[in-house]
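First comes the structure, then the notes that go with it.
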Amino acid sequence: MINASYPATRLRRTRAHSWSRAMVRETILTPADLIWPLFVTGGKNIEEPVASLPGVSRWSVDGIVKRAREAVELGIPCVALFPNTPAENRSERGDEALNPDNLMCRAIRAIRDACGNDIGILTDVALDPYTSHGQDGLLDDAGYVLNDETVAVLVDQAMTQAEAGADIVAPSDMMDGRVKAIRMALEMNGKPNVQIMAYAAKYASAFYGPFRDAVGSGGLLKGDKKSYQMDAANGDEALREIGMDIAEGADSVMVKPGLAYLDVIWRAKEAFGVPVFAYQVSGEYALIEAGAAAGIADREALLMEKLIAFKRAGCSGILTYHAPFAARLLNG
């Protein structure tokens with residue numbers, strides 16, 4: 001550590017001008033650091049604004065393709081897809097997740113046809129967008145989410161998405177052992193280059209409400225998800241989860257939500273040195289929009305400060321609904 005003292009050292013010298021601040025800036029954010037989550041709905045030429053997520057809509061597959069092309073133009077390297085499955089296609093076991101012609105798979109194929117390999121496609125592996133009860137897995141008679149039985153379905157779901165053309169499958173369910181099972185299936189079925197981004201530390205959070213509205217599961221959920229999502233009080237347990245997912249074959253890991261768990265992001269990056277991603281979740285997005293609308297602070301300033309915080313904490317990238325807005329700012 002340098003032994004510095006005033007006035008030989010004046011730390012304000014390098015802050016005096018914008019060019020100097022840019023020259024010594026430690027953390028750099030670019031559009032390549034962003035992943036854009038998109039909600040898929042049925043029909044054609046459909047845009048359905050999500051009331052609890054101002055500025056965010058569900059799009060039919062043709063609209064999703066337009067958003068993917070927009071992402072390419074903005075330099076956003078990857079989109080993440082989440083389906084709003086109609087009620088008539090939901091079931092106790094979430095069978096629609098295995099349909100090779102479901103909303104997710106149709107969107108994957110359409111993006112690939114339109115954009116080729118110019119953009120990455122990340123897909124959510126979990127059953128809550130497909131179950132009639134809103135939980136992420138299969139239930140026993142008492143309503144408890146079954147781990148191993150759910151994993152078997154998640155493997156088939158991941159393979160269905162990989163066959164449709166997904167580049168990254170992202171299990172978000174927090175079942176034990178699912179990363180290893182998915183990795184083995186990908187290897188054994190000719191998909192060794194499909195990446196796994198594990199939602200390795202997904203907390204039982206109050207920040208998910210608008211997302212559940214967007215995928216149509218909010219009104220269906222009975223009870224909570226605390227028996228499989230993580231307790232907000234635990235950090236050491238998150239490192240165990242992350243370490244196990246890496247050992248099982250995850251190429252990258254995610255901490256969700258992002259802002260309330262910057263310490264976990266930092267610890268994960270320091271401990272494992274693998275790509276760590278944060279999800280700036282729906283509640284975080286909505287709070288920025290509400291704060292800006294209330295005149296608390298400038299929307300651009302609020303957003304960019306938070307995105308920089310993720311990068312400073314050690315993130316390789318951020319999933320954010322603000323991705324196109326942030327990319328335009330970063331592109332000048």
* Structure fact -> Residues of segment 131-153 being among the hydroxyl-bearing types (Ser, Thr, Tyr) and touching a residue at least 60 places away in the same chain (Cβ under 8 Å), in sequence order, are Thr131, Ser132, Tyr144
* Structure fact -> If you go through Ala8, Ala97, Ala87, Ala4, the only one that is small (Gly, Ala, Ser), within 24 Å of Arg212 (Cβ to Cβ) and modelled with pLDDT under 95 is Ala87
* Identify the residue in segment 245-282 that is of a type in the set (Val, Ile, Thr) and under 11 Å from the mean Cα position of the chain (by Cα) and, among all such residues, is nearest to Lys311 (Cα to Cα). => Val255
* **Residue pairs meeting the criteria (Cβ under 6 Å; at least 6 apart or on separate chains; first under 19 Å from Ser57 (Cβ atoms), in segment 285-302; second of a type in the set (Lys, Arg) and surrounded by 12 or more Cβ atoms within 10 Å (Cβ to Cβ))** => Ala292/Arg299
* Would you call Ala166 in contact with an Asp or Glu (Cβ under 8 Å, 6 or more places away or on another chain) and under 26 Å from Ser91 (Cβ atoms)? -> no
* Which residue pairs have Cβ atoms closer than 7 Å, lie 6 or more positions apart in sequence or on different chains, and pair a first residue in segment 24-40 that is farther than 18 Å from Ser252 by Cβ with a second residue that is surrounded by 19 or more Cβ atoms within 10 Å (Cβ to Cβ) and small (Gly, Ala, Ser)? -> Pro31/Ala327; Leu38/Ala80; Phe39/Ala214; Val40/Ala107
* To do: Please identify the pairs in which a residue from segment 188-217 that is at positive phi has its Cβ atom under 7 Å from the Cβ atom of a residue that is surrounded by fewer than 21 Cβ atoms within 10 Å (Cβ to Cβ) and of a type outside the set (D, E, K, R), counting only partners at least 6 apart or on another chain.
  => Gly216/Asn84
* To do: Residue by residue through segment 38-76, note down the ones that are under 19 Å from Gln161 (Cα atoms) and part of a loop (DSSP other than H, G, I, E, B).
  => Thr41, Gly42, Ser60
* Asked: Hey, does segment 188-195 have a residue that's within 15 Å of Asp251 (Cβ to Cβ) and aliphatic (A, V, I, L, M)?
  -> yes
* To do: Could you list, in sequence order, all residues of segment 289-313 that are within 30 Å of Ala271 (Cβ to Cβ) and among the charged types (D, E, K, R)?
  => Glu305, Lys306, Lys311, Arg312
* For Pro7, which of the numbered conditions (1) in contact (Cβ under 8 Å) with a residue 60 or more places away in the chain; (2) outside any helix (DSSP H, G or I) fails to hold? -> (1)
* Asked: Do you know which of the residues in segment 308-325 that are out of contact with any strand residue (DSSP E or B) (no Cβ under 6 Å at 6 or more places or on another chain) and in a helix (DSSP H, G or I) is farthest from Met254 (Cα to Cα)?
  -> Phe325
* Structure fact -> Of the residues in segment 63-102 that are touching a Pro at 6+ places or on another chain (Cβ under 6 Å) and hydrophobic (A, V, I, L, M, F, W, C), the one that is farthest from Asp136 (Cα to Cα) is Leu74
* To do: Scan segment 274-294 residue by residue and report those that are surrounded by fewer than 17 Cβ atoms within 10 Å (Cβ to Cβ), part of a helix (DSSP H, G or I) and of a type in the set (A, V, I, L, M).
  => Leu287, Ala290, Ala293
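The values are calculated or read from the model by the stated rules, or taken from the named source; none is laboratory data. Because the structure is a prediction, the values reported are computed rather than measured. Glycine gets a Cβ as well: all are built from the backbone with ideal geometry, and neighbour counts include every protein chain shown.
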